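One structure is given here, and the rest of the page talks about it.
The values are calculated or read from the model by the stated rules, or taken from the named source; none is laboratory data. The shown structure was predicted, so the numbers you read here are calculated from the model rather than taken from an experiment. Quick reminder, even Gly has a Cβ in these numbers, built from the backbone with ideal geometry, and neighbours come from all protein chains shown. To get the accessible areas, we keep the full protein, side chains included, count just its heavy atoms, and leave off ligands, DNA and RNA. Shrake-Rupley method; radii C 1.70, N 1.55, O 1.52, S 1.80 Å.
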Amino acid sequence: AVVAAVQSARSEGIEPAEIIEKGLAAGMNEVGVMFERGKLFLPHVMMAAGAMEAGVSLLEADMPKDAAKKKLGVIVNGTVEGDVHDIGKSIVSTMLQSAGFEVHDLGRDVPLQDFIDKIKETGAAMVGMSALMTTTLPGQREVIEMLKEQGLRDKVKVMVGGAPATQNWADKIGADCYAENASEAVARAKELLL
């Protein structure tokens, strides 16, 4: 059904980014909310994520070829250690990619040093960190401290997100920005990197 809906939207001339943002990501956000409320379970979430990926892969062919070559910037993204939530983070990665960024998604439960290693390896200009539990939020602060210790903080913008994260938290730990959702993450990345 998702593939059919994407094909229908394409045939109506709707832009790929809009299909992803207002269709696929919006649907996936809804699935995430229902999962958090206990109305859906992990198998449903996995099916929805698979459906979203199928929809996105259909749209990749429509993305401007030069956009694929000319990346806006390199971003490392992941969910911090101890946290296995990754729906929101995956949507953010997809949206950033469709906006033209080169995204290295480290997945979930990412050891903090892995963020640093991937930044060094890719020359990333930004790191995005998600935390969905108050107990894992401090991981975001620790990565910022590690960036300082390793002399990288001035070269890398830091974006934080996740249900317990707030603009206040971002300010407190010295992050460059906070994004509440995927659309906001793309807007913030463009503000900071372009």
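With the structure loaded, tell me whether R37 is farther than 19 Å from V186 by Cα and modelled with pLDDT under 90 or whether it fails that test. Walk me through it before giving the result.
Working: farther than 19 Å from V186 by Cα: yes; modelled with pLDDT under 90: yes.
It is true that R37 is farther than 19 Å from V186 by Cα and modelled with pLDDT under 90.
Could you list, ordered by first residue, the pairs with Cβ atoms under 7 Å in which the first is in region 152-177 and without any contact (Cβ under 8 Å) to a residue 12 or more places away in the chain and closer than 15 Å to G88 by Cβ and the second is small (G, A, S) and open to solvent by 30 Å² or more (accessible area, probe 1.4 Å), at least 6 apart or interchain?
Matching pairs, first to second residue: none at all.
Sort out which residues of region 5-25 are open to solvent by 40 Å² or more (accessible area, probe 1.4 Å) and in contact with a Ser or Thr (Cβ under 8 Å, 6 or more places away or on another chain), and write them in order of number.
A17, E21
Can you tell me which residue is surrounded by the fewest Cβ atoms within 10 Å (Cβ to Cβ) among those in region 89-129 that are within 17 Å of Q167 (Cα to Cα) and not β-branched (V, I, T)?
Of the residues in region 89-129, the ones within 17 Å of Q167 (Cα to Cα) are 127-129.
This time we only want the ones that are not β-branched (V, I, T), so: 128-129.
Numbers: G128: 28, M129: 30.
Checked region 89-129; the qualifying residue surrounded by the fewest Cβ atoms within 10 Å (Cβ to Cβ) is G128.
What number of residues within region 130-163 satisfy the criterion of being open to solvent by less than 30 Å² (accessible area, probe 1.4 Å) and out of contact with any strand residue (DSSP E or B) (no Cβ under 9 Å at 6 or more places or on another chain)?
1
Kindly indicate which of V110, V143 is β-branched (V, I, T) and closer than 20 Å to K172 by Cα.
Result of the check over V110, V143: V143.
Which of the residues spanning region 172-194 are closer than 18 Å to L132 by Cα and not hydroxyl-bearing (S, T, Y)?
Selection gives K172, I173, A175, C177, A179, E180, N181, A182, E184, A185.
I'd like to know if region 134-147 contains one or more residues that are more than 25 Å from V31 (Cβ to Cβ) and touching a residue at least 60 places away in the same chain (Cβ under 8 Å).
Scanning region 134-147 turns up at least one residue that is more than 25 Å from V31 (Cβ to Cβ) and touching a residue at least 60 places away in the same chain (Cβ under 8 Å).
Considering each of M34, M52, M28 in turn, give the residue that is farther than 30 Å from L147 by Cα and open to solvent by 50 Å² or more (accessible area, probe 1.4 Å). First the steps, then the outcome.
Details: M52 fails: open to solvent by 50 Å² or more (accessible area, probe 1.4 Å); M28 fails: open to solvent by 50 Å² or more (accessible area, probe 1.4 Å).
Step by step, each of M34, M52, M28 is checked, and only M34 is farther than 30 Å from L147 by Cα and open to solvent by 50 Å² or more (accessible area, probe 1.4 Å).
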